[in-house]
Structures are given as structure tokens and as C-alpha cells.
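Reading through the C-alpha cells given below for one structure.
Coordinate-derived values only; no laboratory data. Since the structure is predicted, the reported quantities are computational estimates derived from the model, not experimental observations. Heads up, the Cβs are rebuilt from the backbone with ideal geometry, glycines too, and the neighbour counts pull from every protein chain shown.
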Amino acid sequence: MNGSILRIENLTVTVNGGKRILNNLNLNIDYGETHVLLGPNGSGKSTLIYTILGYPGYNIENGHIYFKGKDITNLPVEERVLMGLGVLFQHPPKVQGVKLKKIVNICGERLQKMIEMGTIDLKEPLIKGCIDLDDQTKKLAELMKFPIEFLERDTNVGFSGGEIKRSELMQIMALRPDLIILDEPDSGVDIENIELIGKIIKELLQIEAKPINRIKAGLIITHITHILQYIGKIDRAHVLINGRIACSGSPDIIIPSIMKYGFDECQICVLTRGDSECGENKK
Amino acid sequence: MSSDKKDREYFKEIAKRALEKKAPLGNDIDTLNFIVKDKDEPELQDLSSVPKNLEKTLINVGIDINERNRSGTYIQEGNKVGFCRSLDKEKVEILPIGVALKKYDWLWDYYWKAIPVDTDKYTAETEMVDEVQGYFIHAKEGANDIFPIQSCLFLNLEGLKQIVHNIIITEPNSKLNVITGCTVHPHVRRGLHLGTSEFYLKENSQLTFTMIHYWSEKTAVRPRTAIIQEKNTSFINNYVLLSSVNDIQSNPITYLNGDNAQCYFQTLIHGKGNSIIDLGARSILKGSNTKAELISKIIGDDNSYVVSRGEITGIGYNSYGHIACNGLLISNNAKIDSIPRIKAETIHTTLTHEASVGKIGEDQILYLKSRGLNEEEARDLIISGFLEVDTSNLPKELAEETKKLIEIASKAAG
């Protein structure tokens, strides 16, 4: 599928009475592509996620966000989500009284709704071989190596870092959005589970499918790059520095460079546009 | 107990002197503003022909009209018994209290024993009626594996005062489940419900008592409840109030007299409209190794004012008590007042309490929105989750039944 699924134009965002976090940011992701957005702490990664999602408190001073060709800059959160946008959160809140099973079921219901609305192009809302939502949720729990009783736990209450990630993934798998934003998908995950999580993300993003058959798009936001080796081919990498995309290009060039020199070099690169191993923005 | 107490005149004499005695808690209700008048005939006389307009009323408070998986039913309309029958009489009997007091001389030994008749003006007035109404439920010795008994008491006339005196006795080694609903006829807005309930748990017996209250916004309610527990007994009380009420005050007391007696109170309240709600539970841990847990969860909605009380007195050796009261304010005009109290009278008791009042976090709402729910759906989900009944200490079938009943009540309350 051709064309852009997410296009961000000249986005400037302030928080807390005027503090500018994103500064004239531009970003484009096409259908079927997976991008990685790298950046040091405080560069504006979280602000970008919450702004794309439409959370309050992130004031858009300038610019537009287009999702599937529609200007969603002023759309409520849930409407964006029902267009096929999903986020895997790094620090989701505890939701006392709402069981994990319930929330995963709700995600499944929402997918059904999206299929009915025609926003998601799928024929079958349930994962292959599942009889109903409860059954699907159970199977997802098994896949995530959760005991069945875990589904009765209040969502995110007392979850470990790895459990949060797997719970988030369960929800996203039931929701199957067209664009998945993954916020630090490997933070707090132990070594045994990182491969599992990487494998599932790979499937969700259809990374191994033929490019022509790939619809699902992804934006992986991270300040470290461990998980990327498990996910496989990433189409494009961006570096976010001080609220701006400082550098975009091939992940094969940008990632090794960051591994080698860290974000400090990027910082210098932005300031001087001097010598850098990172290709495209070099002047 | 001496035989001179085996008639109502004896209690009436004591009651007379307490007719002006105000209750220590709650607004003083002027009972003269309500009438005791009866309809000539109860509207409902048989469960096989329930008038359509009453069907929902009954179902909403847990009555199974077909008496499926029930071992008996008691329905009281206003101050008249509409329907009463036992389906498993060998194991458990349910009778109108007036009938039972005539049939069983020994029942007088329990009449006003857990609650003194002169406790306050409401108990006093309860004794002053010509004909005492209410149920007597008797689980026979060793009776086990019996379906729940169901009961429903409802106000059937505008401005009526319904007066009830209930007694439950569980004989040694019996296990009894009671589902009871108190409500109003769909046409009734204003009324007063005065209900005395005395429960006696004999050695090694268990009682699970689930009560669903479904009132109207002009109903005043003053239940008076006491439970006496002998050794190795277990009392589980689930109480649910999800509808509006004018003014309700109740503070049941359990006396855990016997060793190893346990009680568990779970109170779920959704304070709506202009409701004034003052509900609590008290436990006296007298026996050794006694245990009490008083759990309440409260939603403060609209203009409601909810007082939640819990009081545990630790006297017995190795007794344990815990009070948990969690409140969720979802309206800026609602108030929650949580009053946990623990009294230790021995060094050998362990008493704890926790209380919290909070609001629904904006982050939680946003999180649920990010899964495609709108504001209202997200709030409803959090509220219903907060008020979800904990049935982990009930047997599986009863747990499912209890969940189902509370779901129905919750849907009906909107």
C-alpha cells in the first residue's frame, strides 16, 4: 500500500504554560513501514507520542498531524484510536478495579467496531483459531507466558516492568492498529522475555511479509537499541534532539553511529552540521 | 430466659419507655409522618402469577421468580406477608415471624435477645405494632448443601412505614445462604423502612447474608441488625446500595463470642442524588482466635453524603481485625466521611485499618481512551470495577450467583 499513514508537518508543541518541547518537527511514515525514533532523555520523545495521541496538556502552537490522510490535529484521543492508531506505553497508569482480562477484551471489541466502521481492513476480528473474545484473551495470555489467573489482576497494579510490556502487547495484539507507536518497548524487560517481545512486535508490524503486502506501520521510540536486533529490518531511523528531527536516514548508518558516539555527537552534529558518519543531513 | 418474657406485652412495656429515645447516629426521623395502614390484600400472593409491574422490582433485588436453585421464599408487602414457603423444610424452614412465635415456644428466647427492644425509638416502635411482621429462617442442625433462601420486603403504599422484625438461627453444623432485597413498589416514592434483624449462629455453622437495597429518593431507612456468633462460626455479609435513598442509617454489630468465630463484611455503596447515607459495621472480638474484616467501597456521586463507619473491639486472645474503607469521589458536590475505629482491650489482639478517598485519575481515563473508549465509557468501567464484589471467600456457585445479582442491581440502578 502506498502513501503516508502518518505525516507530521511543522509541529510545535508547548507544555506547562509555554515551555516549548517540540520545535517545528516534521516526520513522515508510509503504510507498511517501520521507523525508529532515537533520542536522548528529554529530547521530546514522550511529548511526541502524547501529541500524536491527542492527550490534553500538549498545546499545539503550530503545525498539523495527518493520519491516513486526515487532519487529526484536533481530534479526541478515542477517535484517533478508532482510526487505527495504537500505543504501547512505557509507563501506563494503574487502573484499580479494571482487570487485565476486561481491558484486553475491550481492545478486541474495539477492533470489531473498527472493522464495522471500515477503518481497519480486516475480515476477521479474532485471531485465527479463537472462538470468542474470552478465548482470544486466554490464548494471548498463554502466548505471553502469563498464567490464566494473571488475567484477573487489576491492570498494571503491582506489575513488573516485563509484565507491563507483555500486558501492553496483549492489548495491542487484540486491537491490531494500523500504526503502532511503541514507547521504549524493551525498558525493564528481562533477557528471557526480550526475544519474545521482539518476535511479537515483528509479527504485529508484518516485518517479514513481502513489502507489497505490508500495511501495518510502526514507530519505535527508544533511547537504546537492544530490541531492534530482535525486530529485524527497520525502514528508517530518525534522531530527535531538542524537539526537532535532527537527522533521518538509514538505520544501518545512524544506529551504529549512535552506538559508537552516543547522542552527544548528534548534538554536535546538529549544532555544527559538521563531519558525521550519519549520511543524509550532512552538509 | 424466664417464661415471663414469652409474650409481647413484656417487651411492649419496655418499648413504651423508649419511644422518644433518639438514636445516637443519623438524623432523627419523625416516624409520625408515615402511616402503618395496610392494603387490604397483598398484590402478590403467589410467585406463579407475579403482576408484571412487580416482576422487575423483585428481580432487581435478587429474587428468582421461578425459585430455581432456592430453598424457600419470603415476600412481604408493606406490613403484610405476600408469599412465604419453604421448599426444603427438612433442612431449612422459613416462616412469617408471627406464625413462628406461635409455633415455636423456644423462639421467644431469641426475640429481642441480640438487640434490646429499647435500643432506640425505632426498635421500640417496631415492638409497638399490633401484629409483628418479618421472617424467621431456621437452618436445621447439620443442614448442609442447601440452596439459598430468598426474601424481599417492599413498600407498597405511598407514605407507608414498613416495620419488620427478622430472626435467623443457624443450628450447629449448618450452612445457610440468604439473599434478601429491600425495595419499593415502582409507584412508591416516599416511605420509611424500620427493620430489626437478629441472627444467631450456633457452633460450627455458617451464614452468608447478601442484601441488596434498592430504594427511592424519598425513602428513609433505619435497619437495626445484630449477630451473635458461637464458636467456629463464620458470618459473611455482603451489602449493596446502588440506588438513591433519602436517608439511611445502619450500623450492624457482630458479637464474636465463641472461639475461632469469623466475620467478613463487604459493603458496596454508590451514593447518588441527594442521598444521606450513614452505614457501618461493628465487631466485638470476644472469643480467642476470632477474626473480623470490615471492607467498604464507596462511590460519592451527585450531591450525596456518605458516612462509612467501621469499629472493631479486640478482647479475645489472638484476635484479629481489619477495617478497609476506600472511597472514590466522582462529583464535586459529593462528600465521603470515613470513620474507622479500632479498640484494643488486650495486648493479644491485632487490629489494623486503612482508609482512602480519591478521585478517578485523569491518567486512567486517558489510558482507557487510548484503547478506544470515550470519556463516559471509561468512567463507567472504572466505577463498576471499583464496586465489583469480592466473592473469593464464597463457594463457587454462590460466588457466581452473588456476582450476577449485583450486576443486575447495578444495571437497574443505572
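A few notes on this one:
- Note on the range A:210-223: among residues that are part of a strand (DSSP E or B) and among the aliphatic types (A, V, I, L, M), the one that is nearest to A:GLY262 (Cα to Cα) is A:ILE221.
- Residues of the range A:73-105 that are among the aliphatic types (A, V, I, L, M), assigned to a helix (DSSP H, G or I) and free of Cβ contacts under 8 Å to residues at least 60 places away in the same chain: A:VAL77 alone.
- Boolean, B:GLU345 is buried (at least 18 other Cβ atoms within 10 Å of the Cβ), out of contact with any helix residue (DSSP H, G or I) (no Cβ under 9 Å at 6 or more places or on another chain) and either more than 18 Å from A:PRO93 (Cβ to Cβ) or within 14 Å of chain A (Cβ to nearest Cβ) (or both): no
- Residue in the range A:164-175 that is under 22 Å from A:LEU228 (Cβ atoms), of a type in the set (Val, Ile, Thr), in contact with a helix residue (DSSP H, G or I) (Cβ under 7 Å, 6 or more places away or on another chain) and part of a helix (DSSP H, G or I) present: yes
- Residues that are more than 9 Å from chain A (Cβ to nearest Cβ) and crowded, with 17+ Cβ neighbours inside 10 Å were ranked within the range B:358-373; the one that is farthest from B:SER308 (Cα to Cα) is B:ILE365.
- All positions within the range A:74-91 that are within 7 Å of chain B (Cβ to nearest Cβ), surrounded by fewer than 24 Cβ atoms within 10 Å (Cβ to Cβ) and within 15 Å of B:ASP363 (Cα to Cα): A:GLU78
- From the list B:ALA220, B:ALA226, B:ALA261, the lone residue that is aliphatic (A, V, I, L, M) and over 16 Å from the mean Cα position of the chain (by Cα) is B:ALA261.
- Complete set of residues in the range A:224-247 that are without any contact (Cβ under 8 Å) to a residue 40 or more places away in the chain and either assigned to a strand (DSSP E or B) or over 25 Å from A:ASP190 (Cα atoms) (or both): A:ALA246, A:CYS247
Conditions (1) on the phi > 0 side of the Ramachandran plot; (2) buried (at least 21 other Cβ atoms within 10 Å of the Cβ), marked per residue:
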residue	(1), (2)
B:GLY98	no, no
B:TYR104	no, no
B:VAL117	no, yes
B:GLY134	yes, yes
B:ILE146	no, no
B:SER151	no, yes
B:VAL164	no, yes
B:ASN173	yes, no
B:LEU176	no, yes
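- With respect to (1) at the interface with another protein chain (Cβ under 10 Å from one of its Cβ atoms); (2) surrounded by 14 or more Cβ atoms within 10 Å (Cβ to Cβ); (3) over 30 Å from A:MET114 (Cβ atoms), the lone exception for B:ALA355 is condition (1).
- Matching helices (runs of 4 or more DSSP H) fully within the range B:349-414 where at least 2 residues are hydroxyl-bearing (Ser, Thr, Tyr): B:396-413
- Failed item in (1) more than 18 Å from A:THR119 (Cβ to Cβ); (2) more than 13 Å from every other protein chain (Cβ to nearest Cβ), with A:GLY57 passing the rest: (2)
- Residue within the range B:374-381 that is at the interface with chain A (Cβ under 9 Å from one of its Cβ atoms), of a type in the set (D, E, K, R), within 30 Å of A:PRO177 (Cα to Cα) and touching a Cys at 6+ places or on another chain (Cβ under 7 Å) present: no
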